[in-house]
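What follows is calculated from the coordinates using simple rules that are stated; it is not laboratory data. Fair warning: this is a prediction, and the values are worked out from it, not measured in the lab. Glycine gets a Cβ as well: all are built from the backbone with ideal geometry, and neighbour counts include every protein chain shown.
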Amino acid sequence: MAYRFTDLLPEDFSDSALRRDVLDGLVDRPKTLPPKWFYDKTGSELFEEITRLPEYYPTRSERAILQANAAGIVSGSGARHLIELGSGSSEKTRVLLDQRPGPGSVYTALDVSESALRQAAEALAVTYPDLVVQAVRADFEQHLATVLGDPLTGRGEGGRLVAFLGGTIGNLEPQERSVLLAGVRAGLDPGDAFLLGADLVKSPQVLLPAYDDAAGVTAAFNLNLLQVLNRRLGADFDASEFAHRAVWNSGQARIEMRLRASRRTSVRFADLDLAVEFGEGEEMRTEISSKFTAERLEEELGQAGFGPDGWWTDPEGRYSLSLWRPV
Ligand code: AVJ
């Protein structure tokens with residue numbers, strides 16, 4: 001059984017968004033860029049490598065929690081429709097799909113990457129011949145109402161499970177999180193549920209190595225962003241002039257990944273006719289990875305109109321999966 005592919009993004013979505021983020025983020029102080037630009041082919045491969053690092057526990061922890069609790073999560077929500085935000089490879093989703101209630105179950109994968117969507121959908125169609133697979137190229141910060149409002153994703157039928165896994169919620173600023181959570185809430189009906197994967201606050205002695213591993217894979221992942229900007233916007237970054245940094249911002253309970261200029265340098269963006277000056281030691285923030293507590297999640301989800309209906313962590317209490325109901 002093939003899969004249905006829907007494209008909600010304009011052809012040049014990515015180019016215009018990248019230009020806007022560079023013009024907004026690199027002319028400001030501190031310089032910042034959103035982490036979505038890490039994920040070109042090389043970046044996606046480096047991220048897969050990160051998930052196998054001994055220091056980087058979130059992916060393994062989430063998978064272990066899913067494997068231990070998928071039956072309860074899926075049967076509890078009676079989900080005939082599973083809708084996943086930022087589905088990527090849909091690898092970890094298989095643990096949930098293995099618990100699907102039966103033939104005719106529907107899985108809707110939402111991601112900005114067409115190649116990731118098609119690759120995942122083709123693989124799922126082989127493993128689960130009785131599963132209806134819908135791949136939607138969309139930006140979950142813009143298209144939630146469209147996707148969750150669509151009868152094809154079971155709007156009005158009740159028993160839908162919207163999943164946002166991987167701890168990606170941590171990459172969003174508080175304001176962006178509340179917009180996303182409000183969007184999910186608006187798209188849900190009574191009887192639907194929201195499954196959230198979120199990394200938890202813990203000692204910087206554990207967190208910093210997870211974002212600055214001994215093998216230097218995360219450093220390569222971060223520095224690869226400069227290659228993305230060089231290739232896509234005709235910039236002339238010399239990666240040897242920048243160093244990877246991971247910082248624990250205790251005030252905001254988040255890891256910040258940065259690229260630090262080891263000397264004064266000027267970068268020219270040919271496609272934007274823009275020159276960006278970096279002072280010696282100046283840092284460009286390339287990602288935030290917020291860490292949560294149960295209380296903080298209950299507060300943010302509560303403000304968005306959700307009530308708690310399940311909380312699971314790994315034995316070490318490092319990562320959480322939580323189920324929320326519209327109230
Ligand atoms: C994409 C959110 C799962 O923030 O932990 C991994 C990305 N950045 N190492 C995270 C990431 C650095 C990751 N998530």
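What the table below lists for this structure:
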quantity: Most mobile listed residue (Pro315, Pro204, Pro35) in the chain, GNM with C-alpha springs under 10 Å; calculated: Pro315
quantity: Peptides ranked, highest mean first, by Cβ atoms within 10 Å: ranges 167-174, 194-201, 65-72, 123-130; calculated: 194-201, 167-174, 65-72, 123-130
quantity: Placed amide H near Phe269: partners under 5 Å, 5+ positions off or other chain; calculated: Leu274, Ala275, Val276
quantity: R0 of 56 Å, Cβ-Cβ distance Val126-Arg264: FRET efficiency to nearest 0.05; calculated: 0.55
quantity: Within straight-line cross-link reach of Lys36, lysines at Cα separation under 22 Å, skipping those fewer than 8 residues along the same chain; calculated: Lys92, Lys291
quantity: Footprinting exposure proxy for Leu46, Leu272, Leu85 (fewest neighbouring C-beta atoms within 10 Å first); calculated: Leu272, Leu46, Leu85
quantity: Dimensionless Rg over Rh [the chain; C-alpha; Kirkwood]; calculated: 0.97
quantity: Near-label residues of the range 164-190 by backbone N, under 18 Å of a point 7 Å along Cα→Cβ of Gln303; calculated: 169-186
quantity: Per-residue Cβ neighbour rank within 10 angstrom, fewest leading, Trp324, Trp248, Trp311, Trp37; calculated: Trp311, Trp248, Trp37, Trp324
quantity: Net charge of neighbours whose Cβ lies under 10 Å from the Cβ of Gly281, counting Lys and Arg as +1 and Asp and Glu as -1; calculated: 0
quantity: Full-extension gain in nm, Ala2 to Arg52, via 0.36 nm per residue minus C-alpha separation; calculated: 14.9 nm
quantity: Local electrostatic count at Gly302 - Lys and Arg +1, Asp and Glu -1, tallied over other residues with Cβ under 14 Å; calculated: -1
quantity: Amide proton proximity set for Val133, modelled H, under 5 Å, gap of 5+; calculated: Arg4, Tyr107
quantity: Arg29, Arg137 arranged by Cβ crowding within 10 Å, fewest neighbours leading; calculated: Arg29, Arg137
quantity: For the chain, size of Cβ-based charge dipole, Lys and Arg +1, Asp and Glu -1, in debye; calculated: 420 debye
quantity: Theoretical FRET efficiency, 1/(1+(r/R0)^6), r = Cβ-Cβ of Phe13 and Ala275, R0 25 Å, to 0.05; calculated: 0.40
quantity: Distance from the range 71-121 to the range 136-155 (C-alpha centre basis), Å; calculated: 14 Å
quantity: Overall dimensions of the range 156-254 as given by Cα atoms, namely Rg and Dmax in Å; calculated: 18.4, 55
quantity: Whether the range 62-166 is rounded, prolate or oblate, judged on the alpha carbon gyration tensor where a/c under 1.5 counts as rounded; calculated: rounded
quantity: Alpha-carbon centroid distance for the pair the range 273-327 / the range 4-56, whole angstrom; calculated: 18 Å
quantity: Contour minus Cα-Cα distance for Asp40 and Gln67 (0.36 nm per residue); calculated: 6.8 nm
